[in-house]
Amino acid sequence: MADAALPATVVTAHLATCAETLAGAELPIADMAEAVDDIVAGQEHIATALRTLAGRLARGPVTEERAALVEVLRAAAAASSHAAEALAAGGQLFESVANETTF
């Protein structure tokens with residue numbers, strides 16, 4: 001992970017706040033395709049961050065707890081990646097629905 005301008009805990013707290021705001025927002029359907037593109041990119045970055053954490057932990061001393069946490073992080077990374085892929089696969093459908101004149 002490249003050195004960030006802000007500490008990782010500040011960035012992750014901001015991410016959590018943004019996700020909470022998005023979850024409660026009434027996103028206009030016309031904006032859905034663009035918003036989903038951003039969510040896909042975010043999911044991909046989250047998957048990468050989780051894989052990076054797993055890799056860093058895997059290089060440390062091997063303990064049962066550490067190995068279990070590495071597997072948890074890898075599974076979460078895979079799930080995030082699958083979510084991004086699923087959303088991306090619906091790309092044209094999001095565009096089609098966003099272009100409808102009545103909803």
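No lab work stands behind these numbers, since they all come straight from the coordinates. What you see is a predicted model; the values in this text were computed from it and never measured. Here Cβ is always computed from backbone atoms with ideal geometry, including for glycine, and neighbour counts include all displayed protein chains.
What's the angle, to the nearest 10 degrees (0 to 90), between helix 64-89's Cα axis and the longest principal axis of the chain? Here the helix axis deviates by roughly 20 degrees. Under a Cβ-Cβ cut-off of 15 Å, what is the net charge of the residues other than residue 54 that fall near it, where Lys and Arg count +1 and Asp and Glu count -1? My count for the surroundings of residue 54 gives +3. Taking Cα atoms only, the orientation of helix 32-58 departs from the longest principal axis of the chain by about 10 degrees. The reciprocal of the average 1/r between distinct C-alpha atoms defines the Kirkwood hydrodynamic radius, which for segment 32-103 equals 13.7 Å. Using a simple spin-label model with pseudo-atoms 7 Å out from Cα toward Cβ, residue 5 and residue 18 lie 1.3 nm apart.
Counting Lys and Arg as +1 and Asp and Glu as -1 over every other residue whose Cβ lies under 14 Å from the Cβ of residue 89, the net charge comes to -4.
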